[in-house]
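> One structure follows; several queries about it will come next.
The values are calculated or read from the model by the stated rules, or taken from the named source; none is laboratory data. As the structure is a computational prediction, the values presented were derived from the model and not from experiment. Glycine gets a Cβ as well: all are built from the backbone with ideal geometry, and neighbour counts include every protein chain shown.
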Amino acid sequence: MNFVITGGAGHISKPLAETLLKAGHQVTVIGRNASNLSSLSSLGAKTAIGSVEDETFLTRAFAGADAVYTMVPPPSFGVADWKLFIGSVGSNYAKAIAANGIRYVVNLSSVGAHMADGCGPVSGLYRVEQTLNELSGTHILHLRPGFFYTNFLSSLGMIKSLGFMGGNYGGTAVKMAMVEPSDIARVAAEELLSLSFSGHSVKYVASDEKTIQETVKILGSAIGKPDLRWVVFSDEEALQGMLQAGLPAEIARNYAEMQHSIATGEMYADYFHHHPVRLQQTKLDDFGRVFAAAYLGMETAAAN
């Protein structure tokens, strides 16, 4: 089989490509930087260097593929409309898929992508799903993973400087579906190797389910701070905090909107209505070791 993988050597795309290569398949990896793909090319992957914002490039890169894995990369800090950017990449994918008559697509979406609006960048992924679903003759599986464990790494600076974690969510008993990126790669590989999906469908992917209070307890204990607490900010406080941290206004607004949808429970409403049959293998306690190592690295760097 001939697979094309977008996402370069990212935390999902790289292990996915490695699995497909080990299974003996032809794999082309799309990325912006050839040097970042050197480890995959050394394993036998072909590389296509270019931007997913370029429809002509994508159409060439998708040529001859039996199946593709699509994901929308983060935008540059200068993007004026994040949701529009995400939707435009989805449109490029759809045109390249149609031009090449590709029959199978595994698309990385997100929990919350049932929301046409009100979920920040994830509502952009709603647009991607809808655009891809307009394709006829193509079987499409939208993977909707939960909140990435690795997102909590952005709280390390807050812990170090303020002694707590926080956001404009976490004040309710709503459980959050969370996921380890390598678990997503494993599911994507299973689906691409079997190609047993048909039509246009959705599959939720999660590794663990915790309230934010349970999460802070686990992560705090991992770094030797069992009494670590979570502070709930207002939407405006969260927005201003992100702006003060240097995030562009468009990106900060989208993150604040997405986190608000977590607080209301709306982001996870469809997930719990269509709960996955099984959770994946990497639990939050496992990620605690990664979190602790990153925290120790920050403290060591500060000491030096």
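> Would you be able to say whether some residue in region 136-146 is surrounded by fewer than 18 Cβ atoms within 10 Å (Cβ to Cβ) and either under 20 Å from the mean Cα position of the chain (by Cα) or in contact (Cβ under 8 Å) with a residue 24 or more places away in the chain (or both)?
Checking region 136-146: at least one residue is surrounded by fewer than 18 Cβ atoms within 10 Å (Cβ to Cβ) and either under 20 Å from the mean Cα position of the chain (by Cα) or in contact (Cβ under 8 Å) with a residue 24 or more places away in the chain (or both).
> Right, next: Can you name the number of the only condition in (1) among the aliphatic types (A, V, I, L, M); (2) in contact with a Lys or Arg (Cβ under 9 Å, 6 or more places away or on another chain); (3) in a loop (DSSP other than H, G, I, E, B) that VAL202 fails?
(3)
> Suppose we filter region 245-281 for residues that are part of a helix (DSSP H, G or I) and either under 17 Å from LYS83 (Cβ atoms) or touching a strand residue (DSSP E or B) at 6+ places or on another chain (Cβ under 9 Å) (or both); how many remain?
The number of residues fulfilling the criteria is 21.
> Another question, if that's okay. Assuming VAL232 fulfils every condition listed in (1) more than 21 Å from GLY124 (Cβ to Cβ); (2) surrounded by 18 or more Cβ atoms within 10 Å (Cβ to Cβ); (3) in contact with a Gly (Cβ under 9 Å, 6 or more places away or on another chain); (4) among the hydrophobic types (A, V, I, L, M, F, W, C) apart from one, which condition is it?
Result: VAL232 fails condition (2) only.
> Run VAL187 past the list (1) more than 18 Å from the chain's Cα centre (by Cα); (2) over 22 Å from GLN259 (Cα atoms); (3) of a type outside the set (Asp, Glu); (4) in a helix (DSSP H, G or I) and report the number of the one that doesn't hold.
It fails just one condition, (1).
> Kindly indicate whether ALA45 is without any contact (Cβ under 8 Å) to a residue 60 or more places away in the chain and more than 17 Å from ASN107 (Cα to Cα).
yes
> Next question. Which of the residues spanning region 87-112 are surrounded by 24 or more Cβ atoms within 10 Å (Cβ to Cβ) and under 18 Å from ARG253 (Cα atoms)?
GLY112
> Something else: When you go through GLU190, GLU129 one by one, which is the residue that is among the acidic types (Asp, Glu), under 25 Å from ASN92 (Cα atoms) and at pLDDT 95 or above?
GLU129
> Only one residue in VAL72, VAL52, VAL27 is at pLDDT 95 or above, within 17 Å of ARG186 (Cα to Cα) and either of a type in the set (A, V, I, L, M, F, W, C) or part of a helix (DSSP H, G or I) (or both). Which one?
Just one listed residue meets the conditions, VAL27.
> OK, next. Would you please name the residue that is nearest to CYS119 (Cα to Cα), looking only at residues in region 252-285 that are of a type in the set (Asp, Glu) and either surrounded by 14 or more Cβ atoms within 10 Å (Cβ to Cβ) or within 17 Å of the chain's Cα centre (by Cα) (or both)?
Looking at the filtered set, the residue picked out is GLU257.
> Also, I was wondering about something else. Kindly list, by first and then second residue, each pair from a residue in region 4-20 that is assigned to a loop (DSSP other than H, G, I, E, B) to a residue that is among the basic types (Lys, Arg), limited to pairs with Cβ atoms under 7 Å and residues at least 6 apart or on different chains.
Pairs that qualify, where the first residue is assigned to a loop (DSSP other than H, G, I, E, B) and the partner is among the basic types (Lys, Arg), are GLY8/ARG32.
> I'm told ARG229 meets every condition in (1) without any contact (Cβ under 8 Å) to a residue 40 or more places away in the chain; (2) of a type in the set (D, E, K, R); (3) touching a Phe, Trp or Tyr at 6+ places or on another chain (Cβ under 6 Å) except one. Can you identify the failing condition by its number?
(1)
> From the list VAL290, VAL216, VAL231, exactly one residue is more than 22 Å from the chain's Cα centre (by Cα) and among the aliphatic types (A, V, I, L, M). Which is it?
Residue meeting the stated conditions: VAL231.
> Which residues, counting only those in region 164-195, are without any contact (Cβ under 8 Å) to a residue 12 or more places away in the chain and on the phi > 0 side of the Ramachandran plot?
The answer is none; no residue qualifies.
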